[in-house]
Amino acid sequence: MVSQPTEKIVLRAFDQLDPPDPELVLDCIHCGFCLPTCPTYLVLGNEMDSPRGRLYLIRSASEGKIDLSDSFARHMDLCLLCRACETACPSGVQFGFLMEAARGQLKRRYQYPPVERWFRDLLLHTFTDLGRLRALTRLLCVYQRSGLQRLIRGWGLLRRLGRLGRMEALLPDLHDPRVSELPEITPAKGQRRGRVGLLLGCVQQFFFAHANAATARVLSENGYDVIAPRDQGCCGSLLIHEGERERGKALARRTIDCFEQANADHVVVNAAGCGSAMKEYWELLHTDPTYAARAKAFSQKVRDVSEFLAEAPLRGALQRLSLTVTCHDACHLAHGQRVREAPRAILKAIPGLRLVELQESDFCCGSAGIYNLLHPEPAQQLLDRKLERIKATGADLVVSGNPGCTLQIQKGLRERGLAIRVMHPIELLDASYRGDSRKT
């Protein structure tokens, strides 16, 4: 029997550059298991702002039934890309890949209003450019040390500054990143276990340089040579997340080149969003004849720092930290990388530390890259829900494995006057190794 050729779907609303794969869309069986896990559906109450609704829109656009309209763009943009739906989905729908591809189409084929386009470009070009971030951080350090920040916040001026005020409200206490600048090689202590590359990141490098320094010390304490290549740059995660796929690909290629030259056994990452993107370079570059195989090999080497340390027994003497701690699971760690137990295993190894579980620990805090700046109202609703859960734990400190989450949660706790600190779990482990309870 001669089989009939299947009819090819015409991609009328999408061009041929990385369109959402129609076959992946068809994996959805419309069961609705994703609905109660989707933060935007729970907050906005609109079916089209659920994973099932967004997949319906993507399929309709793929089949030429709808155009890339204002409504289509809004429903795509309101997605947090937290990927909680992937954890809940019984059919294994690869929602993250589909959404990133859909946003890539919007970036090229949809005309955002001029002010919106300018603001998006400003954020993306600033937070992915190390030169700009370095200059910005130095200016912000002066702004804080001069007392100007205290005056502006004290006078309540942030509310009058619109988007600029919302950005300022996220600022942590900054320090000159040069103080915590890492050497290119931090040698292993004791018997050598291996050689790892360390991604320094963008926001992590300039806003949380102390977390990078703690990461290098802990890895060294556990027998690893730590290589922090001087020529590394942005990994591209924020660009990929927001649909800037071609720029994201360029940065992914550069990252692969950089760490291949470092000749590391693994590449360790302490920012969940970066690690998730790097573990998926294989998908991003799968059509690139030069980088497809290299990207696959690279992705297999990437580990979150908590995941990496949990793979072997910790070395060295850990000192007591008398703290009650709760754990916020960053979306791109819990859902993007399926890493949940490793941060808790690290925390439980610290003498004196009491770990209290957080209700809805893997529910998005509303940060989601630059989502909290583009969509502040739903982001605030999500943050309020997270803060209520944190407050109920009675914890002294909440740990977060992603800098965006840390900024968002710190802001909320500060605005509510709650004396709860936010740290990376590796910073607690480092403080325990050093016997320095002052750092906590």
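Do we have A101 as more than 30 Å from A61 (Cβ to Cβ), outside the structural domain of S432 (by TED's automatic domain parsing), buried (at least 19 other Cβ atoms within 10 Å of the Cβ) and touching a residue at least 24 places away in the same chain (Cβ under 8 Å) here?
Working: more than 30 Å from A61 (Cβ to Cβ): no; outside the structural domain of S432 (by TED's automatic domain parsing): yes; buried (at least 19 other Cβ atoms within 10 Å of the Cβ): yes; touching a residue at least 24 places away in the same chain (Cβ under 8 Å): yes.
It is false that A101 is more than 30 Å from A61 (Cβ to Cβ), outside the structural domain of S432 (by TED's automatic domain parsing), buried (at least 19 other Cβ atoms within 10 Å of the Cβ) and touching a residue at least 24 places away in the same chain (Cβ under 8 Å).
Among the residues of the stretch 179-212, those that are small (G, A, S), closer than 22 Å to G236 by Cα and more than 16 Å from the chain's Cα centre (by Cα) comprise G197, A209.
Would you mind stating whether G131 is within 26 Å of S361 (Cα to Cα) and without any contact (Cβ under 8 Å) to a residue 24 or more places away in the chain? First the steps, then the outcome.
On the way: within 26 Å of S361 (Cα to Cα): no; without any contact (Cβ under 8 Å) to a residue 24 or more places away in the chain: yes.
Judged against the criteria, G131 is not a match.
Entry remark, the stretch 341-351: residues being buried (at least 21 other Cβ atoms within 10 Å of the Cβ) and either assigned to a strand (DSSP E or B) or not hydrophobic (A, V, I, L, M, F, W, C) (or both) number 1 in total. Could you give every pair whose Cβ atoms fall below 6 Å, whose first residue belongs to the stretch 354-370 and is at positive phi, and whose second residue is basic (K, R) and surrounded by 15 or more Cβ atoms within 10 Å (Cβ to Cβ), counting only separations of at least 6 or pairs across chains? Here the result reads E360/R389, each pair linking the stretch 354-370 to a residue that is basic (K, R) and surrounded by 15 or more Cβ atoms within 10 Å (Cβ to Cβ). The single condition from (1) without any contact (Cβ under 8 Å) to a residue 60 or more places away in the chain; (2) within 19 Å of the chain's Cα centre (by Cα); (3) surrounded by fewer than 19 Cβ atoms within 10 Å (Cβ to Cβ) that L383 fails is (3).
Could you list, in sequence order, the residues of the stretch 34-51 that are among the charged types (D, E, K, R) and under 23 Å from the mean Cα position of the chain (by Cα)? Lay out the reasoning, then the answer.
Of the residues in the stretch 34-51, the ones among the charged types (D, E, K, R) are 47, 49.
Correct list: D49 only.
Scanning the stretch 194-232 for residues that are in contact with a Ser or Thr (Cβ under 7 Å, 6 or more places away or on another chain) and closer than 25 Å to R117 by Cα returns a single hit, C202.
Do you know which of the residues in the stretch 352-403 that are in contact with a helix residue (DSSP H, G or I) (Cβ under 7 Å, 6 or more places away or on another chain) and part of a strand (DSSP E or B) is nearest to S322 (Cα to Cα)? Going through the qualifying residues, I end up with L353. Note on the stretch 281-307: residues that are part of a helix (DSSP H, G or I), closer than 30 Å to V399 by Cβ and free of Cβ contacts under 8 Å to residues at least 24 places away in the same chain total 2. Which strands (runs of 3 or more DSSP E) does the stretch 174-280 wholly contain that include 2 or more residues that are of a type outside the set (A, V, I, L, M, F, W, C)? It comes to 194-198, 224-227.
Being out of contact with any helix residue (DSSP H, G or I) (no Cβ under 9 Å at 6 or more places or on another chain) and under 22 Å from R247 (Cβ atoms) narrows it down to one of G154, G131, G162, so name that one. Being out of contact with any helix residue (DSSP H, G or I) (no Cβ under 9 Å at 6 or more places or on another chain) and under 22 Å from R247 (Cβ atoms) holds for just one of G154, G131, G162, which is G131. The set of residues from the stretch 173-205 being in contact with an Asp or Glu (Cβ under 9 Å, 6 or more places away or on another chain) and β-branched (V, I, T) comprises I185, T186, V196. Test S71 against the criterion of being loosely packed, with under 15 Cβ neighbours inside 10 Å, of a type in the set (S, T, Y), not assigned by TED's automatic domain parsing to the domain that holds A368 and not in a loop (DSSP other than H, G, I, E, B), and give yes or no. Here the answer is yes, as S71 does meet what is asked. Is it the case, given these coordinates, that A277 is within 23 Å of I426 (Cα to Cα) and surrounded by 23 or more Cβ atoms within 10 Å (Cβ to Cβ)? Yes; evaluated as a whole, the condition is true for this residue.
Sort out which residues of the stretch 218-254 are hydroxyl-bearing (S, T, Y) and either surrounded by fewer than 24 Cβ atoms within 10 Å (Cβ to Cβ) or free of Cβ contacts under 8 Å to residues at least 12 places away in the same chain (or both), and write them in order of number.
Answer for the stretch 218-254, where residues must be hydroxyl-bearing (S, T, Y) and either surrounded by fewer than 24 Cβ atoms within 10 Å (Cβ to Cβ) or free of Cβ contacts under 8 Å to residues at least 12 places away in the same chain (or both): just S220.
Contact map, the stretch 108-127: residues that are closer than 21 Å to L140 by Cα and in the same structural domain as N372 (by TED's automatic domain parsing) paired with residues that are crowded, with 16+ Cβ neighbours inside 10 Å and small (G, A, S), Cβ distance under 6 Å, separation 6+ or inter-chain. No pairs are found.
The values are calculated or read from the model by the stated rules, or taken from the named source; none is laboratory data. Note that the coordinates shown come from a computational prediction; the quantities given were computed from them, not determined experimentally. Because the Cβ atoms are built from the backbone with ideal geometry, glycine has one as well, and the counts that use them run over all protein chains shown.
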